[in-house]
Amino acid sequence: MRKTWVAAILAALMALAPVVALAGTAPLESEPPFEMEAVSVLLMDAATGTVILEMNADEQRPVASVTKLMTILLTLEALDEGKIKLDDQVTVSAAAAGMGGSQALLDAGGIYPLSDLLKSLIVASANDSAVALAELLMGSEENFANAMNARAKELGLDSTHYVNASGLPVEGQHTTARDVAALSREVLKHPLYFNYSKIWMDEIKHKNDRVTELVNTNRLIRFYEGADGVKTGSTNEAKFCISATAQRGDERFIAVVLGAPSGAKRFELAGKLLTYAFDHYATKTLYSKDEIVQEGVPVKGAKVKETRLAAQDDLKVLIKKGQEGDVAVELSAPELLQAPLAKGEVVGEAIASRGGEVVARVPVILTEDLEKNGFFGSLEDIFRGWMKLE
C-alpha cells in the first residue's frame, strides 16, 4: 500500500514536468581535447541535452545578435499558437526602421509580410525586423523584453537577462554559453525555423521595387556538412559569438562559442567542436516511446489481474563510441497496482545511469484502463485470498 501511495506522489510530480534527460550533470569530458580560443564554450547533444564538454559555460556575457534567439523563439511560438500568421501584413514603425547595425533596410511606414520579417531576422540578423516583430507581438520593445525575460525564466535560463530584442549593446543584457545552448535547443523544436535557417542567399522587396539582398550570417550553413542553424553575433563588447548546430543522420549537436577573437576563429572552433562530437559520440535509444518496459504487473481490485507498463517517451542517452556497455537501466515502479487507474497514467519511471550517476529518466505509464472490480469480482478476490491463506 505504501508503495502505491509513493507511486501516486511520484506520478503527480512527473505529470507536471516529465523529463527524459537530466540537466546539471557534469560534462562527459573534464578537459577540452584541443585548444579553444574563446571566452566561453559548450558542446551539447541536442537530443538529450547532455553536455559533452564546456569551458566557462556559466560566465555571464553579452552575446550580441545571439540574443535574437529569444526573439525568434517567441515569434515561432506565437505562430504555433495562432496569434499571428506568416501572411500577416506588418507596418514598420520609424523606431524599428531606424535601428542600426545589421538591417533589412525596412522603410518607415512600409508594410511587409510577416514572413519577410522572420526570414530577414533568421537569415541576415536584421535588427529592424527584430524590433518590428517585437512591436507587433507586444506593442513595444520594452514590453517584448519583459516577455523575453518571462520566457527565459520558464525555460530555466537563470543567468540570462534581456533588455532589447536585437542584442545591440546595452547595459544589463547578458547570458551564458549554457543558457544559449538550452535556448538553441528550444528553437530547434520548431520545424518552421529550418525553412529560413538553411537559406544561404535570398532577398526581400520594398516599395518602388527596391530590393535588399540577404546573406546568411552563419557561413557554416554553406561550408559545413549538415549545418542548418542557429545564430551568430558580434560587437566590440561581445567579440565574436555563435551557436551552431548540425545534423548528420539521426545525430544532432549544438556548439556554442562566445567571445572568440575573430569571425573566422568563431566558425573554425564551432566546426571543430561539431566534428569532434560526430566522430566520438552517438545517441543510444534505451526505450522507444510506447515500448513495453514491464509485463505481468499484478493489479489489485481490478477486472484484470495483470497489466503492462510502457515508456511515455523515448529514453535516450549519449554514449561515447566504444563505451556502450557503461549505461545501466533500472525500472522504478510499484510491485502492485491498485485499481482504478487510467490508461496513460504515470506509475513510475525508467532510469538510465552511467557510473552510478543518473543521466536520463522517462515516465512509465499504464497501457490500459484498470477498471475497479464489481461486487462479485471483489467477492472472488476475497475468496482467492482465503484459499491462499489455507
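Would it be correct to say that residue 304 is loosely packed, with under 14 Cβ neighbours inside 10 Å and under 22 Å from residue 365 (Cβ atoms)?
Answer is yes for this residue.
Return the total of residues in segment 74-97 being surrounded by fewer than 22 Cβ atoms within 10 Å (Cβ to Cβ) and either modelled with pLDDT under 95 or part of a helix (DSSP H, G or I) (or both).
Summing the residues that are surrounded by fewer than 22 Cβ atoms within 10 Å (Cβ to Cβ) and either modelled with pLDDT under 95 or part of a helix (DSSP H, G or I) (or both) in segment 74-97 gives 9.
Mind telling me which of the residues 282, 255, 264, 238 ends up being modelled with pLDDT of 95 or more and more than 12 Å from residue 180 (Cβ to Cβ)?
Working: 282 fails: modelled with pLDDT of 95 or more; 255 fails: more than 12 Å from residue 180 (Cβ to Cβ); 238 fails: more than 12 Å from residue 180 (Cβ to Cβ).
Being modelled with pLDDT of 95 or more and more than 12 Å from residue 180 (Cβ to Cβ) holds for just one of 282, 255, 264, 238, which is 264.
Pick from 145, 152, 165, 132: which is of a type in the set (Gly, Ala, Ser), outside any helix (DSSP H, G or I) and modelled with pLDDT of 95 or more?
165
Residue 109 passes all but one of (1) crowded, with 21+ Cβ neighbours inside 10 Å; (2) in a loop (DSSP other than H, G, I, E, B); which number fails?
In the conditions (1) crowded, with 21+ Cβ neighbours inside 10 Å; (2) in a loop (DSSP other than H, G, I, E, B), residue 109 misses (1) alone.
Among the residues of segment 292-328, what is the count of those that are closer than 21 Å to residue 349 by Cβ and either outside the structural domain of residue 352 (by TED's automatic domain parsing) or of a type in the set (Gly, Ala, Ser) (or both)?
4
If you take the residues in segment 112-139 that are farther than 16 Å from residue 200 by Cα and out of contact with any helix residue (DSSP H, G or I) (no Cβ under 7 Å at 6 or more places or on another chain), which one is surrounded by the most Cβ atoms within 10 Å (Cβ to Cβ)?
Selected residue: 127.
The values are calculated or read from the model by the stated rules, or taken from the named source; none is laboratory data. Since this is a predicted model, take the numbers as computed values, not measurements. A quick note on method: Cβ atoms are made from the backbone with ideal geometry, for glycine too, and the neighbour counts reach across all protein chains shown.
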